[in-house]
Amino acid sequence: MDFEGYCVKCRKKQAIKGAEVTKTAKGRPMAKGKCPACGTTVTRFLSDKDAK
Ligand SMILES: [Zn+2]
């Protein structure tokens, strides 16, 4: 599944490369991966629907 997240280094939205769905300490789903342009770690919070 592909996600987009905001890359702070590129200062724009990028596709999250190799995105993995994980959870925060509070149980909120999030996608975590790398920016394809610069390799910075990009994360994005997900709705419950997106996490499935
Ligand atoms: Zn980037």
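The values are calculated or read from the model by the stated rules, or taken from the named source; none is laboratory data. Just so you know, these numbers come straight off a predicted model, no measurement behind them. FYI the Cβ positions are ideal-geometry reconstructions off the backbone, even for glycines, and counts take in every protein chain you see. Note: accessible area is taken over every heavy atom of the protein model, side chains too, but ligands, DNA and RNA are not part of it. Shrake-Rupley method; radii C 1.70, N 1.55, O 1.52, S 1.80 Å.
Looking at the chain, the accessible area is 76 square angstrom per residue; that uses a 1.4 Å probe and ignores ligands, DNA and RNA. Within the shell defined by Cβ-Cβ distances under 12 Å, the residues around Thr41 carry a net charge of +4, with Lys and Arg each +1 and Asp and Glu each -1. Taking Cβ separations below 4.7 Å as the criterion for a possible disulfide partner, the isolated cysteines in the chain are Cys38.
Across the chain, the mean sequence separation of Cα contacts (distance under 8 Å, 6 or more residues apart), normalised by length, yields a relative contact order of 32 percent.
State the answer as a single residue: which of Pro29, Gly39, Cys10 lies farthest towards the positive end of the charge dipole of the stretch 4-45, with beta carbon charges of +1 for Lys and Arg and -1 for Asp and Glu, about the Cα centre. It is Cys10, whose Cα lies furthest towards the positive end.
Accessible area per residue was computed with a 1.4 Å probe on protein heavy atoms; Val42 scores about 0 Å².
Charge dipole (Cα centre; +1 on Lys/Arg Cβ, -1 on Asp/Glu Cβ; no other charges) of the chain amounts to roughly 200 debye.
Label positions at Lys12 and Lys49, each projected 7 Å from the Cα along the C-beta direction, are separated by 2.7 nm. Measuring with a 1.4 angstrom probe and ignoring ligands and nucleic acids, Lys32 comes out at about 110 Å² accessible.
Computed over protein heavy atoms with a 1.4 angstrom probe, the accessible surface ordering of Arg28, Arg11, Arg44, largest first, is Arg11, Arg28, Arg44.
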